[in-house]
1. In the structure shown, do any of A:Lys270/B:Lys98; A:Lys399/B:Lys175; A:Lys215/A:Lys270 have a Cα-Cα gap over 29 Å, and if so which?
2. At 7 Å along Cα-to-Cβ for each site, give me the label-to-label distance between A:Asn58 and B:Leu105 in nm.
3. Counting other beta carbons within 10 Å of each residue's own, what order do A:Ser397, A:Ser211 fall into, fewest first?
4. Using Cα-Cα distances under 8 Å and only pairs 6 or more residues apart, what relative contact order does chain B have, in percent?
5. In whole Å, how far is the Cα centre of segment A:113-131 from that of segment A:57-98?
6. Can you show me the helix-derived [θ] at 222 nm for chain A, built from DSSP H runs with n ≥ 4 at -39,500 (n - 2.57) apiece and divided by the number of residues, rounded to the nearest 500.
7. What is the fewest-to-most order of A:Arg43, B:Arg19 by other Cβ atoms lying within 10 Å of their Cβ?
8. Find how many whole Å separate the alpha carbon centroid of segment A:410-424 from the alpha carbon centroid of segment B:57-91.
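No value in this document is a laboratory result; all are computed from the given coordinates. Values in this document were obtained by computation on a predicted structure and should not be read as measured data. In this analysis, Cβ positions are derived from the backbone assuming ideal geometry, glycine residues included, and neighbour counts consider all displayed protein chains.
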Amino acid sequence: MDPLTLGMVVAICTILVLFSGVSVALGLLIVSTGFLMIFDGMRSLELLPEILFGKLDNFALLSIPMFIIMGSSIASTRAGADLYEALERWLTRVPGGLVISNLGACALFAAMSGSSPATCAAIGKMGIPEMRKRGYPDGVAAGSIAAGGTLGILIPPSVTMIVYGIATETSIGRLFLAGVIPGLLLVSLFMAWSLYSTWKSGNRELLATGSYTWKEKFEILPRVLPFLFIIVGVLYAMYGGVATPSETAAVGALLCLIIAMVIYKLWNPKDLWVVLRDSTKESVMILFIIAAAGVFSYMLSSLYITQSIANWIGTLDVNPWVLMGAVNVFLLIAGFFLPPVAVILMAAPILLPIITTAGFDPIWFAVVLTINMEIGLISPPVGLNLYVINGIAPDISLKTILTGSLPFVGCMVLAIFLLCVFPGLATWLPDAVMGKAL
Amino acid sequence: MAGQSSAVASHTGNNPFLRIVAALSTVAGWFSAAMIVSAVAITCQMIFIRFVLNGSTIWQTEAVIYLAIASTLIGLPYVQRLRGHVNVDLIPISLGPKARYVMALFTLSLSIIMVAIMLWYGYDFWHLAWERNWKSDTVWGVRLWIPYSALPIGFALFLLQLIADLTAVILKIDKPFGLEDA
């Protein structure tokens with residue numbers, strides 16, 4: 001069988017196996033083992049444990065559990081609510097301050113945790129009830145948080161960017177920086193849409209400004225400042241040339257745990273265990289997928305599938321933008337069904353040669369890919385964030401959450417379009433801070 | 001939907017086998033969490049020595065990587081018990097009770113075979129490292145059978161947990177895929 005046909009067979013089998021309900025990591029191992037056994041013989045299986053272990057034998061991977069601990073220790077406290085309240089008190093003179101505060105809190109929280117569902121849950125728990133109490137339409141309240149939460153994987157530190165960096169051997173520091181401006185762009189688009197739709201729904205009095213005394217404004221600061229300090233510290237350590245992402249993440253994790261224990265009195269061993277349990281659960285799950293995807297990509301290249309696909313695309317005489325469009329559609333569809341980490345790990349080794357051959361920048365592509373994954377997080381049928389919101393506010397129907405989120409999907413598509421027209425939005429900051437990529 | 005189900009552990013009922021396996025997986029989970037926490041602590045210690053005391057570090061980077069690997073492999077059974085390994089359960093959700101049951105038997109059996117294969121070759125790999133006294137080619141020169149032992153231990157416990165899950169579904173103690181009836 002020629003490698004291209006074989007590639008098609010592998011793709012179909014992978015889809016069938018993954019949709020059977022088997023876990024993603026084991027599914028990848030099953031497909032890889034099956035094909036290796038048939039085409040390379042039983043002896044090739046002897047290599048499996050070595051490849052699996054070797055994939056995990058990487059210091060950069062360590063940043064994943066560390067950033068997860070950092071995020072989940074903050075998420076276990078009232079920090080999300082405090083952040084949101086502080087912003088609300090300070091932004092009270094801005095029209096539509098409440099929804100702006102919520103989205104701003106999502107963006108800031110995203111800068112402390114690398115996870116989208118965590119961001120969604122931390123801000124939404126306080127934000128959604130408050131917005132509804134003040135009369136914001138349910139769709140805006142739920143949709144803005146669902147969308148704001150997706151920023152978790154775009155604004156650094158981002159677990160998916162680390163995974164992309166490892167899968168494609170791209171600098172994680174550069175990837176993190178590349179996410180900053182597009183992240184801010186998305187927040188602005190989200191804010192603009194929320195204000196417009198609240199104004200259009202006739203609730204104009206909601207956009208009126210409220211007032212807080214200076215005392216109220218200042219008394220909340222001590223609870224928020226430590227986190228801002230950590231964000232600045234992490235950024236300084238990483239870009240001041242002090243430490244690698246993994247080292248920075250370790251210090252960040254330790255500091256966040258200490259802050260959670262000291263300021264938020266997370267002393268009870270039971271509560272601490274919940275933080276550790278959730279972090280362990282998430283990092284084991286992600287690292288096992290990474291290891292399994294390593295075996296999967298070994299199988300693809302061992303059977304010459306990766307190389308043949310790249311060659312085949314090279315011979316196709318298509319406009320690079322048509323190609324990019326097709327890649328985007330593929331990513332969107334994959335993102336509808338699979339968690340971002342799995343999509344990145346499976347797609348990156350195949351897509352990256354295609355993307356670079358067509359003359360696109362891998363750092364820029366990482367941002368486009370991430371926004372695609374963000375869309376998947378708020379679209380059915382998987383849409384993890386939709387279910388997180390559904391868990392927080394069970395009385396808002398999934399349909400309302402979904403229709404509320406749809407316009408934000410529009411904002412994301414617009415952002416992808418803007419990134420295609422102005423690639424500098426993603427590439428300027430990393431180049432400015434770290435020098436031009438070679 | 002896919003994604004992590006909300007940390008609902010699999011049911012064990014009063015079945016002694018299921019309870020023993022659940023206890024083993026939980027202990028493995030504690031070890032896994034402890035190893036991640038030690039990795040954080042050692043990394044911080046390494047940064048302190050390097051940047052504050054201007055000293056050099058020998059064993060830390062390697063130790064931390066092996067701790068993270070061991071934490072992942074030994075954590076596998078615990079995450080399986082918490083149903084934390086993400087899957088796409090779109091089709092299982094849309095199936096009727098009978099078909100869903102058959103599908104669960106099928107996917108669990110497939111997983112068991114896969115993990116058994118990994119255990120078999122993982123043990124082989126570990127045994128080779130032990131027999132030939134392989135050492136890592138760093139200054140520290142750690143004997144590799146120590147970190148490699150996470151492969152057979154992790155996959156053995158993972159295999160036990162998967163067999164327990166299959167048993168629980170067959171004995172109707174647990175629901176297929178942990179899904180409530182529609």
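1. Details: A:Lys270/B:Lys98 39 Å; A:Lys399/B:Lys175 27 Å; A:Lys215/A:Lys270 35 Å.
Beyond 29 Å: A:Lys270/B:Lys98; A:Lys215/A:Lys270.
2. Computed distance between label sites A:Asn58 and B:Leu105 equals 4.0 nm.
3. Working: A:Ser397 13, A:Ser211 8.
Sorted ascending by nearby Cβ count, the order is A:Ser211, A:Ser397.
4. Numbers: 211 pairs, mean separation 59.2, N = 182.
Across chain B, relative contact order equals 33 percent.
5. 9 Å
6. On the way: 22 runs with 335 residues, N = 438.
One gets -25000 deg cm²/dmol as the mean residue ellipticity at 222 nm.
7. Numbers: A:Arg43 9, B:Arg19 13.
Listing A:Arg43, B:Arg19 from fewest to most nearby Cβ atoms yields A:Arg43, B:Arg19.
8. That distance is 36 Å.
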